[in-house]
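What follows is a single structure, written as structure tokens, with notes after it.
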There are 2 protein chains.
Amino acid sequence: MSAEPVSRAERKKQELRREIIDAAFDCFAERGYHATGIADVATRLGIGHGTFYRYFQNKRDIVDHVVDDLVARITGALTAENAPDAVSTLDEYREQSARIGEALGRIFGEDPRVPRLLLFEAPGIDRAMADRVLDLFDLAAGLTAAYLTHGVELGYLRADLDVGNTARAINGMILGTAISSLRTPEAQVAQSEALRRLMYDGIAAR
Amino acid sequence: MSAEPVSRAERKKQELRREIIDAAFDCFAERGYHATGIADVATRLGIGHGTFYRYFQNKRDIVDHVVDDLVARITGALTAENAPDAVSTLDEYREQSARIGEALGRIFGEDPRVPRLLLFEAPGIDRAMADRVLDLFDLAAGLTAAYLTHGVELGYLRADLDVGNTARAINGMILGTAISSLRTPEAQVAQSEALRRLMYDGIAAR
DNA sequence: CTCCGAACGGAATCGCGTGTCAGTTTCGGA
DNA sequence: TCCGAAACTGACACGCGATTCCGTTCGGAG
């Protein structure tokens, strides 16, 4: 982008940095944060664990980078190509939510290590990390709320909708889907469909 | 119940055992499992940490007992005085779910340490502990599914309801409420109402 | 009051994992 | 081919916390 001193060696360095982050993700997600030592991460890459400290301050430092990565991927999927004001009818909205659901399903369902790290490991590391996870939930709730608000304004959603709390409820269902997929990844699609059905039709007999 | 050799000293012993479990719960929930040492738990009670090992095998052992306690409290609230077949109309069902919601709200909302320990600390301890948490989710899903099945059979719920997956979606919303209550405990009631509204009316305009 | 076994406390032990550092290797330029 | 700088390595030095162990205290039976 700006600077251009990418001197071959510099590129190698960035590449190793990436690999360390990926290896750390693997270890943390598989064995758990507390159970993996720096040595484990290093061994997985076939480097000495001293080298690790040339790239990251300490163990706590790297898990932040790992989570940065995940958060970026998720917010990317959430915002990309899906502006709230791109739709104007209930049916279009339903299609859009299916699209978003698919994107999330791809991230969470395709690799169980993602939800495992983000939902099971991260919150137990630290107060600070737990707060990051809660921040992510808040961010997602804000996003969902924006969609709902848009729908209320255009009139295809109930006028008396409690936008904020309904958004949290919907995100809760998504969370539930992500967690279920830890045990039964194959049920994910049906789960996602049931979720949408609940949103649009409720559960009551007509 | 059965035996009667409760020799005063024996009662004292059981009492201390209880106190240790409670103190451990406090410490784990406040500082986190990995951050609290046995010494912290012992100090909080004013006993030597050697004494701890007269009551529990090791650190891992006690957290199991702490979780046992929580699980018992939750399943108790879930099953007590709320049999699925106690209702026969949609309105009654709605009242019953409100009652269950209140019971859960009392447990999760009244003391944020409960959801914090159960949802944020426990899953990161161990695979085994993570499995216990997932088991609890499954149990809850089964329970919710029983309510839904009953409603479908009596005809006040949609005949084509995907019972299992809808149950998981509903539990997800409850989960979302519990997590929200970590940051905004006061919103819990509104959250719970929005959840029920979503279940019964959906989000679409009429 | 005396004695004995159980309960207790906390100093000492032990193992483990983080983070450091001095010696070694690699690499690019001259 | 050689040199210096930068990167890499892994043995080592901690510190920390779980668990053990033994001298001391307590409680209640005789």
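Here are the numbers:
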quantity	calculated
Contacts under 9 angstrom Cβ, first residue in the range B:52-75 being under 13 Å from B:Phe28 (Cβ atoms) and in contact (Cβ under 8 Å) with a residue 60 or more places away in the chain, partner of a type outside the set (A, V, I, L, M, F, W, C) and near DNA strand D (Cβ under 8 Å from one of its atoms), 6 or more apart	none
So A:Ile47, is it modelled with pLDDT of 95 or more, of a type in the set (Val, Ile, Thr) and within 30 Å of A:Leu143 (Cβ to Cβ)	no
Subset of the range B:119-174 that is assigned to a loop (DSSP other than H, G, I, E, B) and in contact (Cβ under 8 Å) with a residue 24 or more places away in the chain - its residue that is surrounded by the most Cβ atoms within 10 Å (Cβ to Cβ)	B:Ile125
The range A:31-58, residues that are buried (at least 16 other Cβ atoms within 10 Å of the Cβ) and either touching a Cys at 6+ places or on another chain (Cβ under 9 Å) or in a helix (DSSP H, G or I) (or both)	A:Tyr33, A:Thr36, A:Ile38, A:Asp40, A:Val41, A:Ala42, A:Arg44, A:Leu45, A:Phe52, A:Tyr55
Odd one out for B:Ile170, checked against (1) farther than 17 Å from B:Glu102 by Cβ; (2) more than 7 Å from chain A (Cβ to nearest Cβ)	(1)
Filter result (within 14 Å of chain A (Cβ to nearest Cβ) and not hydroxyl-bearing (Ser, Thr, Tyr)) within the range B:72-94	B:Val87, B:Leu90, B:Asp91, B:Glu92, B:Arg94
Qualifying residue in the range B:109-128 (condition: more than 10 Å from every other protein chain (Cβ to nearest Cβ), farther than 30 Å from B:Arg60 by Cβ and modelled with pLDDT under 90)	no
Complete set of residues in the range A:38-48 that are within 8 Å of DNA strand C (Cβ to nearest atom) and touching a residue at least 12 places away in the same chain (Cβ under 8 Å)	A:Ile38, A:Asp40
Which listed residue, of B:Asp22, B:Asp61, B:Asp69, is within 16 Å of DNA strand D (Cβ to nearest atom) and of a type in the set (Asp, Glu)	B:Asp61
Pairs where the first residue, in the range A:193-206, is facing chain B (nearest Cβ under 7 Å) and more than 19 Å from B:Gly155 (Cβ to Cβ) and the second is of a type in the set (Phe, Trp, Tyr) and loosely packed, with under 15 Cβ neighbours inside 10 Å, C-beta under 9 Å, 6+ apart	none
Test: A:Arg18 is within 14 Å of chain B (Cβ to nearest Cβ), in a helix (DSSP H, G or I) and either more than 16 Å from DNA strand C (Cβ to nearest atom) or touching a residue at least 24 places away in the same chain (Cβ under 8 Å) (or both)	no
Index of the failed condition, B:Gly164 passing every other in (1) under 17 Å from the mean Cα position of the chain (by Cα); (2) closer than 15 Å to A:Met173 by Cβ; (3) more than 7 Å from chain A (Cβ to nearest Cβ); (4) not charged (D, E, K, R)	(1)
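The values are calculated or read from the model by the stated rules, or taken from the named source; none is laboratory data. Predicted model only: the values in this text are computed from it and were never measured. Glycine gets a Cβ as well: all are built from the backbone with ideal geometry, and neighbour counts include every protein chain shown.
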